[in-house]
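A short write-up of the structure that comes next.
The values are calculated or read from the model by the stated rules, or taken from the named source; none is laboratory data. Every value quoted in this text rests on a predicted model; they were computed, and no experiment measured them. For neighbour counting, all protein chains shown are included, and Cβ atoms are generated from backbone atoms with ideal geometry for every residue, glycine included. Just so you know, the surface numbers come from the protein's heavy atoms only, side chains and all, with ligands and any DNA or RNA stripped out. Shrake-Rupley method; radii C 1.70, N 1.55, O 1.52, S 1.80 Å.
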Amino acid sequence: MDGDIFARVLYLVLLLIFIGGSFFTMNRETMNKSLQQAVIWVLLFGGVAAGYALWDDISEGQSINSNGTEITLHRESDGHFYATLLINGHDVDFVIDTGATDMVLTQDTAERVGFPSDSLRFLGRAQTANGTVRTAAVTLGVVRFEGITDTGVPASVNEGALFENLLGMSYLSRFSDISIRGDRLVLSR
């Protein structure tokens with residue numbers, strides 16, 4: 001829990017103690033009924049607080065609606081859009097990155113989908129937020145994204161420290177329309 005959240009929780013606890021203390025002081029003579037009412041309010045408050053705190057967990061997960069020609073991705077709590085594609089028969093998680101030129105795989109992912117490290121030739125270069133990295137060009141045999149299948153998809157393998165696969169414009173440009181509508185990313189063919 002970071003300092004900002006801790007401060008908010010502490011403030012709410014102190015506020016609850018103050019309001020609860022005032023409530024009990026004013027209702028000393030009818031304490032039994034007051035305790036029942038207090039318990040009801042605490043349960044209501046706790047339920048609302050728990051629902052608010054767990055909302056991101058409830059709504060997270062890959063949420064894709066697809067009708068074969070249109071794919072809708074929902075923004076996750078960290079502000080990014082994520083997708084899982086089937087590459088050469090393996091599920092591969094991607095972060096959607098319209099700032100990335102290529103579909104970029106980590107070395108671990110490349111190995112998993114059929115490109116052993118010793119077969120990769122890192123002849124290309126790419127500019128990243130962490131500086132220049134070497135890349136290896138690969139061609140993915142079969143890429144399936146919901147009901148859409150592509151073959152012979154070009155991609156790059158990053159030689160540097162990359163923690164997530166990037167679904168960049170070389171793949172996204174296969175869609176005729178890419179639009180963000182609120183918390184939804186809609187890809188149309």
Quick calc: nm separation of the 7 Å Cα→Cβ label points for H90 and I40 -> 5.9
Which value, in Å², gives the accessible area per residue of the chain when a 1.4 Å probe is used on the protein heavy atoms?
64
Please give the helix 3-26 orientation as an angle from the longest Cα principal axis of the chain, in degrees from 0 to 90, rounded to the nearest 10.
20
Output the peptides 85-91, 146-152, 102-108, 9-15 sorted from most to least packed, where packing is the average of other Cβ atoms within 10 Å over each peptide's residues.
102-108, 85-91, 146-152, 9-15
Hey, how much of the P(r) for the chain falls beyond 20 Å, as a percent of Cα pairs?
66
For E164, E29, write out the residues from largest to smallest accessible area, computed with a 1.4 angstrom probe and no ligands counted.
E29, E164
Compute the acute angle (0 to 90°) between the alpha-carbon long axis of helix 31-59 and the principal axis of greatest extent of the alpha-carbon atoms of the chain; round to the nearest 10°.
10
DSSP beta bridge pairing in the chain, given as percent antiparallel to the nearest 5:
90
